[in-house]
Structure formats: C-alpha cells, structure tokens
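So the structure is just underneath, and the comments pick up after that.
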Amino acid sequence: MNTGLYELNIRLGSLAIFHALLQDPVIASLRAYLDSLDQSSTAQSVAKYASFAATFYATEKRTLAGYIQHIVNNDENAYIRMIGKGASAWPEMEANVTQELSILQSAADLTPETLRQGLAWEGYLPGFGVKHVDIAASYRERCANIGLYGYGIYAKHRMFYIDEQKKIVPVLHPDPIRLSSLIDYKREQRIILDNTVALLEGKPAANILLTGDAGTGKSSTVKAVVNELGDRGLRILEVRKEQLHAIPGILDELGHNPLKFILFIDDLSFQKDDDNFSALKAILEGSVSAKSKNVVIYATSNRRHLVKESFSDRDGDDIHRNDTMQEILSLSERFGIQVTFQKPNKDTYLGIVRHLAKEHGIAMDQAQLDQEAERFALNRGGRSARAARQFIDGLLAKQ
C-alpha cells in the first residue's frame, strides 16, 4: 500500500473537531477504499474506488477539493458554535483546528492519479476534477464572518419550518421571489425592508404585523425580503399558529446563533379563548424566556384585530367585558409596526397585469388583455396582485 495514503487514512480517523465529517458519504467511501488497499484483493479495491467515485459524482461537485471545502465550511461543531456565540476558543481547541484543517487539506489535494498509486491495476478507473483550494484560509474567513455565513443547516439554507416533531428543518425548494417581481406596494415594502436591515445591523427592530386583503402580496413580500438580504445573514423560520407555544424554546435555540431570523406566522387569526392567543401575547410582550436580539416576529393576517369576534361576544355576561374586549382588540397593537396592504384599484391591478405580461413576453392587444384580466378578477371575487399573477399564469399555460 502507498505509505502516504495509509498515513492519510489514519490521520483522517483522528479528527475530533471535524469528527462528524467521517460520517459524510464521500469521506466514508474514500476511507473504505483506503482501508481496502491494505486488506483486500485488487478487484475488491477497484470496486471500492468505483463506489467512492459514484458517491462523489452524486454530490454534483466537479472537484474533490471543492466538495471538501463545502462540507468543512458548513460543518456544525463545538468550535464553530463557540465562535458563533462570540466566545474565544481554548488554545488547545485552536491548535486542534489547525491540525485538522491540515489533514483535510491533504484529503482535498488528492487526485485520481494519487489514489490509484496503491493499486496494482493499470486499467480504467473513473476520474474527477482537480483544483487547489486553501481549506484553512477558506474556513478562517468563514469564522471571521460567521454573522454572514452561519453554520450547519443555517449555512446551507435560508428558509425553514417546524416539523411535527418540533424540529427546525430546511425548506428544500424555497420560493425564489424577489422584490423586483412585486409590482406596487413599494411604500409597504420599504417599511419592512428598512426594519429588517435594522435587525441585521444590530439596531432596534420591531415585530411587524402585515394586514390587508388576501392576495395583496403580504407573504410574498416577507419572503422576497429574505431573498434580498439572505447574503447578509438573514434567515426565516415559518411557525404555524398551533406551534406558537414552541416559540420560547425556539428562541432559546436561536438566541446564540450568529445569524438573524424572522419568525414568520402566516394567516394569523384566533378564536375567542384560543390558548395560542395567550402564547403570542406573552411573546410579543417580551417575557424573559421570549426575548432575543437576533429574532423578530413578522405575522400576516387578513384581519386587523386578529381575534374573530361576534356580537354575542360583545353582549356576554363577563363582568369585566370591557377589559376583555380591549385586551382582545389590542393584540395587534403589541406589534411595533403595522403595515396595511390595501386591495388594488382598477388602474393598479391592470398595471400589475401589463407588467407581468411584458415580463413574460405575452403578445396581446392591450385592450383585450385589460378586458380579459378584468373578467378574470370578477370571476375570482375581486382584484388583487395574486389574481393578476394567476391570470398571467393561465395565459402562459395556453401558449
């Protein structure tokens, strides 16, 4: 067996800070091949090499160096968590990181020619691209700018949700919408954008309630802001209404994260005596367990007062009825900023339709376009940005 490959395999096994990388499919299959050089027949080693190559190809990375750089930079480990909290790592840990980055550099520098040196085989073996990457310099740069990059799943993704096990998981196919794709509502977008920039800059940022008619672009605006500012360290976590009780625990988890987060509650409303009402109230009031400087709450609702109220509620037998009703109606006022998205008038609606038609290359007489767009809105119950987009999507489907 090639002595250099033998020693590299042993050195990879010594990783502690980056120990989790040993479970990475590519690294694991690489080590399985290196193990086979000393323990298996040539035929078995060739098969192990092919298995390594197949596993690497599945990553859709061209070079092994680029792939190792990617997994090193995104690894969540004890060292990067300390850096993310703003703490200084112990001298021993710093020394370990330096040594382990050197080991990973040796793995990144492997070429197909180097790997086949341990084989008594001159026939075909699959290759892969080769380039030099300074693993240590790349990692140190990430650590120095941890507030922009993050680590772990937060380095790889921008949008997240809470699953049924109350775990934070990434949205694998997020909405790519940008502010440039949203027509009109520029004043409303600017308020939300400015508040979010304040969050990123460490300035006081408010929780925001976005109200207005359905289809006016409230949710799309929030997601577009995340897409605009994701490179500056912004992430979004969508929380359903029935998951509000989990928010204090989520804030505990995110509170030490170097990134900034929007907790997004879409289509928020409550029934009277809804337990989730009290949970949200406590969070917005900033209880000790719910306060976090790197998190804001953005919620959308088609109702300004959030709580569905009937006339019987007003005439109930609660002796403190006035206090109760004031508490219910003032929940929306606990958001620092309220932004209202009004339903577009005819001119605004048709302006959105014309812009989208031009953007998508739809060649139609303007009078006909306007007439069909108005008919579509009438059939859908009214004009809205959503109706305009659905109308255009319908035209594209017919082409």
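Observations on the structure shown:
- Every test in (1) assigned by TED's automatic domain parsing to the domain that holds ALA50; (2) surrounded by fewer than 20 Cβ atoms within 10 Å (Cβ to Cβ); (3) at negative phi is passed by GLY118 save one, and that test is (2).
- Out of ALA87, ALA53, sole residue that is part of a loop (DSSP other than H, G, I, E, B), of a type in the set (Gly, Ala, Ser) and assigned by TED's automatic domain parsing to the domain that holds ALA120: ALA87
- Filter result for the condition that a residue is in the same structural domain as ARG81 (by TED's automatic domain parsing), within 30 Å of SER41 (Cβ to Cβ) and without any contact (Cβ under 8 Å) to a residue 40 or more places away in the chain, over PRO126, PRO112: PRO112
- The stretch 153-171 - residue that is closer than 29 Å to PHE341 by Cα and of a type in the set (A, V, I, L, M, F, W, C) and, of those, nearest to the chain's Cα centre (by Cα): MET159
- The criterion of at least 3 residues that are assigned by TED's automatic domain parsing to the domain that holds LEU378 and at pLDDT below 90 is met by the following helices (runs of 4 or more DSSP H) wholly inside the stretch 295-361: 346-359.
- A single entry from ALA20, ALA16, ALA95, ALA50 fulfils the requirement of being over 31 Å from the mean Cα position of the chain (by Cα) and under 21 Å from CYS143 (Cα atoms): ALA95.
- Residue within the stretch 171-194 that is outside the structural domain of VAL353 (by TED's automatic domain parsing) and closer than 20 Å to GLY84 by Cα present: no
- Scanning the stretch 236-245 finds one or more residues that are free of Cβ contacts under 8 Å to residues at least 60 places away in the same chain and of a type in the set (D, E, K, R).
The values are calculated or read from the model by the stated rules, or taken from the named source; none is laboratory data. Being a predicted model, the structure only gives us computed values, none of them experimental. FYI the Cβ positions are ideal-geometry reconstructions off the backbone, even for glycines, and counts take in every protein chain you see.
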